[in-house]
Amino acid sequence: MTTAFDPVDLAGIPLANRIVMAPMTRNRATADGVPTPSMVRYYTQRASAGLIITEAAQTAPIGRGYPLTPGLHTPAQVDGWREVTDSVHAAGGRIFAQLWHGGRIGHPVLLAGGQLPVAPSAVAAAGQGFTHEGLKAFVTPRELTGEEIAETIAGFADAARNAMAAGFDGVEIHGANGYLVHQFLAPNANLRTDEWGGSDAARARFAVEVVQAVAAAVGAHRTGLRLSPGNTFNDIHEPAPEATYTALVDAIAPLGLAYLHTCDVPDTELLGRLRTRFGGTFLLNPATVGRPTGPEELPLVERGEADLLAFGALFLANPDLPRRLARGGPFNTPVRESFYGGDDSGYLDYPALEG
């Protein structure tokens with residue numbers, strides 16, 4: 001019987017176990033999006049994961065959705081990430097960079113010259129976003145032109161090349177949680193009637209072309225994709241997501257990606273169908289309403305419902321999580337107040353088990 005503690009080969013990359021550190025925004029980069037020495041230590045502390053997926057790194061300045069998030073579009077950012085990857089590799093870990101564009105989830109105070117965020121359509125998300133000036137209502141974004149869509153896709157590929165130059169083992173495209181790729185997929189955020197919207201296949205096109213561009217840039221075997229069909233985060237409404245996501249998965253399945261990663265999806269039957277259509281390695285961050293993913297989810301690997309299992313907040317609070325899971329605990333409790341921004345308190349000071 002396969003367990004979460006067994007090693008696995010991920011498209012030629014040997015992983016020590018099947019326990020993955022999920023991508024989690026922590027807002028500890030510099031104002032210019034450069035990883036800091038604290039980030040080096042944070043990721044290195046968690047190198048016992050089979051695979052670390054970093055917090056989201058914006059692919060372009062206009063894609064910045066929150067303050068103090070890292071990027072992968074300048075030489076200084078690449079150099080900063082190289083410090084992270086070298087340290088993680090020296091500790092025996094494997095690490096992928098998550099590539100991200102916030103789309104309409106952003107605010108002019110976060111963007112140079114007070115620019116408007118961009119999106120598939122000029123539709124504001126309901127709610128407020130986190131900025132260095134406090135919470136601010138989301139604004140109506142500017143609709144991307146066809147030429148700008150092509151530039152944005154190329155930006156994902158460029159960021160993927162930068163990630164490999166920074167020493168990452170691979171990249172994950174963030175297509176979930178209401179950010180730009182997800183906005184193109186969602187009928188309430190994408191009102192276009194051109195080749196980028198208006199039908200299930202057209203709404204899937206942007207995601208498909210991003211995946212194709214990144215896979216061409218760095219290799220499909222070094223490319224993962226994260227999706228969250230039906231997830232309502234950041235004012236996404238997908239009342240009937242199956243047709244769009246089926247078109248997406250059918251288009252990318254022949255590429256031979258490193259993995260498909262799904263998160264916080266309550267419709268497990270849909271996940272099962274998408275996994276079957278994808279046919280490759282399936283990484284699951286399950287929906288566990290009201291609590292972090294924990295030891296209760298380990299049997300998902302044993303039952304064959306996932307090849308890899310991602311842990312979020314529990315990994316944030318337990319740098320040696322694989323060891324703790326193997327022992328059945330004990331587990332440090334995540335301190336929510338220090339999740340986003342701040343100093344090293346609640347970031348680097350969660351203790352590991354003794355011995």
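The values are calculated or read from the model by the stated rules, or taken from the named source; none is laboratory data. Worth saying up front: this structure is predicted, and the values here are computed from it rather than measured. Heads up, the Cβs are rebuilt from the backbone with ideal geometry, glycines too, and the neighbour counts pull from every protein chain shown. Quick note on the areas: whole protein, heavy atoms, side chains included, nothing else; ligands and nucleic acids left out. Shrake-Rupley method; radii C 1.70, N 1.55, O 1.52, S 1.80 Å.
Figures for the structure shown
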| quantity | calculated |
| --- | --- |
| Residue ID - farthest from Tyr179 (Cα to Cα), chosen from residues in region 107-134 that are open to solvent by 50 Å² or more (accessible area, probe 1.4 Å) and without any contact (Cβ under 8 Å) to a residue 12 or more places away in the chain | Gly113 |
| Residues of region 276-305 that turn out to be modelled with pLDDT of 95 or more and buried (at least 23 other Cβ atoms within 10 Å of the Cβ), as a count | 4 |
| Filter pass, Arg161 being out of contact with any strand residue (DSSP E or B) (no Cβ under 9 Å at 6 or more places or on another chain), outside any loop (DSSP other than H, G, I, E, B) and crowded, with 17+ Cβ neighbours inside 10 Å | no |
| First in region 276-290 and farther than 16 Å from Leu248 by Cα, second anywhere and hydrophobic (A, V, I, L, M, F, W, C) and in a helix (DSSP H, G or I), Cβ under 6 Å, 6 or more apart | none |
| Those residues of region 42-52 which are open to solvent by less than 10 Å² (accessible area, probe 1.4 Å) and in a helix (DSSP H, G or I), in sequence order | Tyr42, Tyr43 |
| Selection from region 1-23 of residues that are surrounded by 18 or more Cβ atoms within 10 Å (Cβ to Cβ) and within 21 Å of Asp320 (Cα to Cα) | Ala4, Val8, Leu15, Ala16, Asn17, Arg18, Ile19, Val20, Met21, Ala22, Pro23 |
| Qualifying residue in region 292-308 (condition: over 22 Å from Tyr259 (Cβ atoms) and not in a helix (DSSP H, G or I)) | no |
| Filtered residues of region 76-97 (kept if part of a strand (DSSP E or B) and either of a type in the set (Val, Ile, Thr) or surrounded by fewer than 23 Cβ atoms within 10 Å (Cβ to Cβ) (or both)) | Ile95 |
